[in-house]
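The values are calculated or read from the model by the stated rules, or taken from the named source; none is laboratory data. Computed from a predicted model, the values in this text were never measured in an experiment. Note that we place each Cβ from the backbone using ideal geometry, even for glycine, and neighbour counts take in every protein chain shown.
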Amino acid sequence: MIGFSDDKKKNILKEWQELLLAEYPVKPVVEIINYLEECAESLLSFVEAYYKGKETDVEEAVDDLMRFLATDRKLTPGESIAQILYLKKLLLKEFPDIKKEDFVKLNDAVDILACKAFNRYMEAREHIYELRLKEKQGMIDILKRAMDMYEKYYGLSK
């Protein structure tokens, strides 16, 4: 049985947060950093609880992180899910002498997170697409009204 000490958790979370923020040329505001930190802590707590055979709710944290990643146009869906899967490497780095059966438990927990994350990511992307579609339809409606007003004011030109 491996031990999730506070130092090990801090190391994992620090490196994971660095990965999540690596694409940003300028360090984001404190609120975004704190937001991502809370998400990462909740996800790591889920992995730890799963490893210990306990259940914990992780839906909100997965949803929050995937909404954040879904808004980044530079990240593909695969790259976004890879952010979750990277946790496996961090766990191996922090627990280099882990037994096979222990790693399988941790691996299963991360895989569950990745599946949940994919579903949430796709929901967030669909929502963003719908919002963009509504915005485009709104622009079309405005242009149609402008054309109607133009025709009403100037009449049909022949």
message: If I ask for residues that are buried (at least 16 other Cβ atoms within 10 Å of the Cβ) and outside any helix (DSSP H, G or I), which ones from the range 95-104 would you list?
response: Phe95
- request: Could you run through the range 105-129 and say how many residues are among the hydrophobic types (A, V, I, L, M, F, W, C) and buried (at least 17 other Cβ atoms within 10 Å of the Cβ)?
  value: 8
Boolean, Phe95 is more than 14 Å from the chain's Cα centre (by Cα) and aromatic (Phe, Trp, Tyr): yes
query: What single numbered condition from (1) within 17 Å of Lys88 (Cα to Cα); (2) aliphatic (A, V, I, L, M); (3) surrounded by fewer than 11 Cβ atoms within 10 Å (Cβ to Cβ) fails to hold for Ala22?
result: (1)
query: Which one of these is part of a helix (DSSP H, G or I) and modelled with pLDDT of 95 or more: Leu69, Leu85, Leu92?
result: Leu85
message: Restricting to the range 49-64, name every residue that is in a helix (DSSP H, G or I) and either touching a Lys or Arg at 6+ places or on another chain (Cβ under 8 Å) or free of Cβ contacts under 8 Å to residues at least 24 places away in the same chain (or both).
response: Ala49, Tyr50, Tyr51, Glu59, Glu60, Ala61, Val62, Asp63
task: Please give the number of the condition Pro77 fails out of (1) over 21 Å from Glu18 (Cα atoms); (2) touching a residue at least 40 places away in the same chain (Cβ under 8 Å).
output: (1)
- prompt: Residues of the range 49-67 being over 11 Å from Ala117 (Cα atoms), of a type outside the set (Gly, Ala, Ser) and surrounded by fewer than 17 Cβ atoms within 10 Å (Cβ to Cβ), which ones?
  reply: Lys52, Lys54, Glu55, Thr56, Asp57
task: Looking at (1) touching a residue at least 24 places away in the same chain (Cβ under 8 Å); (2) farther than 26 Å from Glu31 by Cβ, find the lone condition where Val104 falls short.
output: (1)
